[in-house]
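The block underneath contains the structure these notes are about, expressed in structure tokens.
The values are calculated or read from the model by the stated rules, or taken from the named source; none is laboratory data. Keep in mind it's a predicted model, so treat the numbers as computed, not measured. Ideal geometry is used to build each Cβ from the backbone, glycine not excepted, and the neighbour counts take in all protein chains shown.
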Amino acid sequence: MYVSGPPEDKELELREHIEELRKRLVRICIILIAAVSVFYYVSYPYLLSFWYSLVGKNPIYVFTPLEWVVIRLSFSVITSLLFLYPYIIYELYLFAKPGLYDHERKFLKAILIPSYGIFLFGTFFAYKFVVPILYSIALGGAADPYLSAEKTLTNAFKLLISFGFFFQIPLFMVLSDRFGIVKYSTYRSLRVPVYILILVFVTNLTMDFTGLTQVASLVLFVVMYETGLLILKVLNSRKN
């Protein structure tokens, strides 16, 4: 049975949808497992370099052998996801494509590539500037239990990922307004509720005991959201 629209808008039964999703997820998992295995094998020197770039000459404290294995595995998973992000998004897009309207497809095509670039820039910015500065303030060069590999690196991973996503906010807002998904007036009216939700989320997300990384994440979100609103305001004023 066909409905009006492009040829790919073929209606599928629920069983066929599930089977299609399963096939794509299996492909993603196979490639991800292979990538994680490779990155885990070569991760040791890169993980050491990553550590010293964040905390300077402070030594690594690992309290159990399993802790170091978990840290290397986490580092490998995150690195693999960064490299495989375009492929994963492409597979999920192909799965969702038949059920999308034309303007939704155009929106996704317009946002996928630049969002990946902005995500990488956000993580690099946090890695190069934000995390080392916050750690130097929070730790003060002192050797304490916070410098355990698990706590320090897990906190850094969370901060890098949050900066990568938050940097994409203006792009998402502009494109969603352009394609009629969420308008400028809606973003403006939801400003306060959104800030409250992010405040609750960030303050309940364990990062570091000083609260500096939570504050940095919250400030970045507000700055990016306000930047998106400003850009939308300028664009809408030009239309009028």
Filter segment 94-144 for residues that are at pLDDT 90 or above, aromatic (Phe, Trp, Tyr) and under 20 Å from Leu171 (Cα atoms); the one that is surrounded by the most Cβ atoms within 10 Å (Cβ to Cβ) is Phe119
As an exercise: evaluate Leu66 against (1) at pLDDT below 90; (2) surrounded by 11 or more Cβ atoms within 10 Å (Cβ to Cβ); (3) hydrophobic (A, V, I, L, M, F, W, C) and give the number of the one condition it does not meet. (2)
Restricted to segment 162-190, and to residues that are among the β-branched types (Val, Ile, Thr) and at pLDDT 90 or above, which residue is surrounded by the fewest Cβ atoms within 10 Å (Cβ to Cβ)? Thr186
Out of all the residues in segment 50-63, which are at pLDDT below 85, surrounded by 13 or more Cβ atoms within 10 Å (Cβ to Cβ) and either within 21 Å of the chain's Cα centre (by Cα) or not aliphatic (A, V, I, L, M) (or both)? Leu54, Asn58, Tyr61
Within segment 191-203, identify whether any single residue is at pLDDT below 95 and in contact with an Asp or Glu (Cβ under 9 Å, 6 or more places away or on another chain), and answer yes or no. yes
Filter segment 103-142 for residues that are closer than 26 Å to His17 by Cβ and either without any contact (Cβ under 8 Å) to a residue 60 or more places away in the chain or among the hydroxyl-bearing types (Ser, Thr, Tyr) (or both) and give the result. Arg105, Leu108, Lys109, Leu112, Ser115
Given the criterion surrounded by 13 or more Cβ atoms within 10 Å (Cβ to Cβ), within 19 Å of the chain's Cα centre (by Cα) and not basic (Lys, Arg), identify the matching residue among Leu47, Leu21, Leu73. Leu73
Using the structure shown, decide if Thr206 is β-branched (Val, Ile, Thr) and either surrounded by fewer than 17 Cβ atoms within 10 Å (Cβ to Cβ) or at pLDDT 90 or above (or both). yes
